[in-house]
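Structure record follows, encoded as C-alpha cells.
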Amino acid sequence: MLKRALLIVPLILLLAAALLYSQHRSASVKVSGFVEANEIRVGSRVGGRVREVNAVEGKTLQAGDVLLQLEPFDLLEQQAQARANLAAAQAEYEKLAAGFRPQEIAQAKAHRDQLQARLEELLAGPRKEDIAAAQAQVELAEAQLNLAQLTFNRISAAFQRNAASQDELDRASSELRVAQARLSATRQELAKLRTGTRPEQIAQAKAQLEEADQALRLRQEGYRKEEIAQARAAVDAAQAALDAINKRLEELKVRSPADGVVEAVELQPGDLLAPNAPAISLIDTSGLWVRAYVPENVPVELGRRLRVTVDAYPGRFFRGHVSFIARQAEFTPSNVQTVEERSKQVFRIKVTLDEGLDLLRPGMIADVWLAPEPQS
C-alpha cells in the first residue's frame, strides 16, 4: 500500500507540472492587438476658397486622385504676367546672343569708309586742277580790275571837263571797288589752296575715323559676355518666377499622396482653407500592421515571420513579420491585458502584414501568433 502511494504521488506531481506548463505555454502562444495604418492629413500650401470637394468619407482612393479644388483668385493673371516677363527676357537674351544684324554692321562699315575717304582727301590737299582754276580766277579778277580802273580814269577825266555826269562817275567808282574786292578774294582763295589743309581739320578727321572704327568693331564682335550672362540670368529668374506660380496653381488641386480611404472630411464648397492647414484625413491602406505587446519572457527577434488571425476571417492566417521592437519595456496597457497582468512588463512590437491588405481594415482586433511560422 505504501509502495503504491509512493508511485502515485510523483505521478500526480508530474501531471500538475505538465498542466502548469501547458497553461503557461498556451497563454504565451499569441498576443492580441489592433490592425493599424498610417493616417495622412492632406492640405494645400497656398490656401484659399474651396471650389469643389470630391472626397467622401469612406471612399477608396488611388494615389493622384483629386480630393478638393480651390479657387485660383488672381493666380491666373499672375501666371500670364510671368509668362510675358519670361518672353520679354527671352527675347532680350536672344538679341544679345545673336549680336548685331548684318545691316547694322554694313551701315557702320559704310560710315567708317566715308570718314576714311574724307581723311585721305584732307591729307592729299587741294588738287593741281583746283589751284590752276583758282589762279585763273585771280588773273580774271586782275583783268577786270584793270578794266574798271581804266573806265574810272576815263570817266573821271570826262567829269572834270563836264563831259560825263555824276551818275556815270559813281557807277565807274563802284565797279572799280567791286573789281578790287573780287581780286582780293580770289587771291586769298588761291593762297589757301597753296597752303593746304589745316592741321586741326586733319586731327578732327582722324578722331572721327577712330570713333567709326571702334563702332564697327563693336558691332562685329557683338555684345559683351557679361551683358549676355546678365540677360541669361534674367531669363532664369523669369522662368523661376513662372515655375513658382505654376506650383501654386498645382497646389489648388489637393491630391491623394497614396492609395487609401477617406476617413474625415470637414469642408464644403465656399469654405476658406488656411495655407498649410490639414483639410482631409486619409488612411493609407498600402501598409498595415498590428500593434501588440509581448511579455518580457517571450523572445521575439526583428524580421521573424509570424502569423496573424482576425475574427472576421476565422481559421485563416495572414503572414507578417516583426518590423519593430521597443527598446524599453513598459507596463501592459489596461485595454489589452487583464488587471492581474498589468504588473508584468512587456515590449511593444509592430508586426507588418505581408498579405491581406485588400481584406483587412484598420481597427480590426487581431491575434499575433508568437510561434515562428512553420516552414513549408
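The values are calculated or read from the model by the stated rules, or taken from the named source; none is laboratory data. Keep in mind that this is a model prediction, so the values were computed, not measured. Don't worry about glycine lacking a Cβ; one is built from the backbone with ideal geometry, like all the others, and counts go over all protein chains shown. Quick note on the areas: whole protein, heavy atoms, side chains included, nothing else; ligands and nucleic acids left out. Shrake-Rupley method; radii C 1.70, N 1.55, O 1.52, S 1.80 Å.
Can you compute the FRET efficiency between Ala237 and Phe100 using 1/(1 + (r/R0)^6), with r the Cβ-Cβ distance and R0 = 25 Å? Round to the nearest 0.05. Here the calculated transfer efficiency is 0.45.
Take the chain, connect every pair of alpha-carbon atoms lying under 10 Å apart with a spring to form a Gaussian network, then pick out the residue of Pro102, Pro275, Pro72 with the largest mean-square fluctuation. In the Gaussian network model the winner is Pro102. Of the trypsin sites (Lys or Arg not before Pro) in region 266-322, the ones in a loop by DSSP (not H, G, I, E or B) with at most 13 other beta carbons within 10 Å are Arg316. So, R0 is 45 Å and r is the distance between the beta-carbons of Glu221 and Thr60; what FRET efficiency does that work out to, to 0.05? The computed FRET efficiency comes out at 0.10. Between Gln188, Gln144, Gln166, the Gaussian network model of the chain with springs among Cα atoms under 10 angstrom shows the greatest mean-square fluctuation at Gln166. Extension gain, Gln214 to Gln188: 0.36 nm times the residue separation minus the Cα-Cα distance gives 5.5 nm.
Take every Cα pair under 8 Å whose residues are at least 6 apart in sequence, average their separation, divide by the length of the chain, and the relative contact order is 33 percent. Computed from Cα positions, the angle between helix 75-98 and the longest principal axis of the chain comes to roughly 50 degrees.
Average accessible surface for the chain: 66 Å² per residue, computed with a 1.4 Å probe over protein heavy atoms with every protein chain in place.
Specify the angular offset, from 0 to 90 degrees and rounded to the nearest 10, of the alpha carbon long axis of helix 199-221 from the longest principal axis of the alpha carbons in the chain. Roughly 30 degrees between the two axes. Highest GNM mean-square fluctuation, the chain, Cα pairs closer than 10 Å: which of Tyr293, Tyr93, Tyr313? Maximum fluctuation in the GNM of the chain, among the listed residues, is at Tyr313. For region 192-288, the relative contact order comes to 20 percent (Cα pairs under 8 Å, sequence separation of at least 6). Between region 96-135 and region 218-284, how many Å separate their Cα centres? Each part's Cα centre sits 59 Å from the other's. Charge tally around Leu115: other residues with Cβ under 12 Å, Lys/Arg +1 each, Asp/Glu -1 each, net -2. Placing +1 on the Cβ of every Lys and Arg and -1 on the Cβ of every Asp and Glu, with no other charges, gives region 132-179 a dipole of roughly 140 debye about its Cα centre. Here the spin labels are modelled as points 7 Å beyond Cα on the Cα-Cβ line, and at Val298 and Ala264 they lie 3.2 nm apart. For the chain, the longest principal axis of the Cα atoms and the long axis of helix 128-160 meet at an angle of about 40 degrees. Note on Glu121 and Gln107: their simple-model spin labels are 2.3 nm apart, each label 7 Å out from Cα toward Cβ. Legend: calculated FRET efficiency, Gln345 to Glu39, from the Cβ-Cβ distance at R0 = 41 Å, rounded to 0.05, equals 0.90. Each label was represented as a point 7 Å from its Cα along the Cα-to-Cβ direction; for Glu92 and Ser323 these points are 5.3 nm apart. Rolling a 1.4 Å probe over the protein heavy atoms of the chain, with every protein chain left in place, gives an accessible area that is 53 percent carbon and sulfur.
When only Cα pairs below 8 angstrom with a gap of at least 6 residues are kept, region 41-183 shows a relative contact order of 15 percent.
For the chain, the tally of Lys pairs with Cα-Cα distances below 19 Å comes to 6, considering only residues 8 or more apart or on different chains.
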